[in-house]
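Below is one structure, written out as structure tokens; comments come after it.
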Amino acid sequence: MAHPSQLGFQDAASPVMEELLHFHDHALMIVLLISTLVLYIIVAMVSTKLTNKYILDSQEIEIIWTVLPAVILILIALPSLRILYLMDEINDPHLTIKALGHQWYWSYEYTDYEDLGFDSYMIPTQDLTPGQFRLLEADHRMVVPAELPIRVLVSAEDVLHSWAVPALGVKMDAVPGRLNQTAFIASRPGVFFGQCSEICGANHSFMPIVVEAVPLKHFENWSSMMLEDA
């Protein structure tokens, strides 16, 4: 999860988020080089009185500053489009979960099971135990098996919400009357935190998302226990 004074992204916990981090570094390096070149040109033009008549009217330079930005845009666009298509790919998910946004909590339905679902509310500050995070902990976590493709169907019952978990590279709008879908693979066991990323009302900042990735055997034990309690 994010920590105070953090400058970069959270550590990637899914293959898609790793690709997003690599693309971010790639684009940032291009922007840095462009900014350095532009700054050098500005300083050179301001600090010298010398002019070159061949530079003032040169077809070659005009060709360069037309073609070079086009090449740079292609170098940014192609990796970006590749990641967009990767994020839309949902191949043979092993588990499907429906996340429904309410004012102001989430409810989860494991559609592959006959009767497995629960509501997930934020734990109030006064009820937190040592080690739990304020405004991020939920009374029921969305438990998923690690290293397996998971599909999440996202919708809302009242207003616009957004189901987002930064470490997994997932962010999907929850729209009333519409069923959106996204997918992720948790590359390692762990607990990953997120929050509603749409301004959905007075308690917008009090509907956290907690995804707990566990080994498949532990997930089977958890699902059996939840079905027995239902």
Non-local residues with an amide H under 5 Å from the amide H of Ala183, with H modelled 1.01 Å from N and Pro and chain starts lacking one, are Val152
Taking amide H positions as placed 1.01 Å from N in the peptide plane, with prolines and chain starts having none, which residues 5 or more places from Ala138, or on another chain, fall under 5 Å of its amide H?
Ile123
Search the structure for amide H atoms under 5 Å from the amide H of Ser162, placed 1.01 Å from N in the peptide plane, and list their residues when 5 or more places away or on another chain.
Ala174, Ser197, Glu198
When the helix-only estimate is applied to the chain (DSSP H runs of n ≥ 4, each -39,500 (n - 2.57), divided by the residue count), what is the mean residue ellipticity at 222 nm, nearest 500 deg cm²/dmol?
-12000 deg cm²/dmol
Mean-square fluctuation check for the chain, GNM, Cα pairs under 10 Å: which of Tyr113, Tyr54, Tyr40 is largest?
Tyr54
Using the Karplus curve 6.51 cos²θ - 1.76 cosθ + 1.60 with θ = phi - 60°, what ³J(HN,Hα) values do you get for each residue of region 149-160, in whole Hz, with x for Gly and Pro?
x, 10, 9, 10, 8, 10, 8, 9, 9, 10, 10, 5
So, with a 1.4 angstrom probe, what is the percent of accessible area on region 1-158 that is carbon and sulfur?
63 percent
Taking Cα pairs under 8 Å and at least six residues apart, what relative contact order does the chain come out at, in percent?
21 percent
Reachable aspartates and glutamates from Lys49, Cα under 18 Å, same-chain residues fewer than 8 places away excluded?
Asp57
³J(HN,Hα), Karplus 6.51/-1.76/1.60, whole Hz, each residue of region 25-31, x for Gly, Pro
5, 4, 5, 5, 5, 4, 4
Looks like region 13-86, by Cα gyration tensor root eigenvalues a ≥ b ≥ c and the a/c under 1.5 rounded cutoff (else prolate when a/b is bigger than b/c, oblate otherwise), is oblate
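Heavy-atom accessible area per residue, the chain, 1.4 Å probe: how many Å²?
63 Å²
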In whole Hz, what ³J(HN,Hα) sequence does region 172-183 give by Karplus (6.51, -1.76, 1.60; θ = phi - 60°), x for Gly and Pro?
9, 5, 9, 10, x, x, 10, 10, 9, 9, 9, 8
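How much space per residue, in cubic angstrom, does the convex hull of the C-alpha atoms of region 93-227 take up? Intermediate results must be reported in sequence, preceding the final value.
Details: hull volume 14.0 nm³, N = 135.
In region 93-227, the Cα hull volume divided by residue count equals 104 Å³.
If exposed means no more than 14 neighbouring beta carbons inside 10 Å and the site is in a DSSP loop, what's the longest run of the chain without any exposed GluC sites (Glu not before Pro)?
Answer from the scan: 1-88.
The values are calculated or read from the model by the stated rules, or taken from the named source; none is laboratory data. Everything numeric here is computed off the predicted structure, so don't read it as measured data. Ideal geometry is used to build each Cβ from the backbone, glycine not excepted, and the neighbour counts take in all protein chains shown. To get the accessible areas, we keep the full protein, side chains included, count just its heavy atoms, and leave off ligands, DNA and RNA. Shrake-Rupley method; radii C 1.70, N 1.55, O 1.52, S 1.80 Å.
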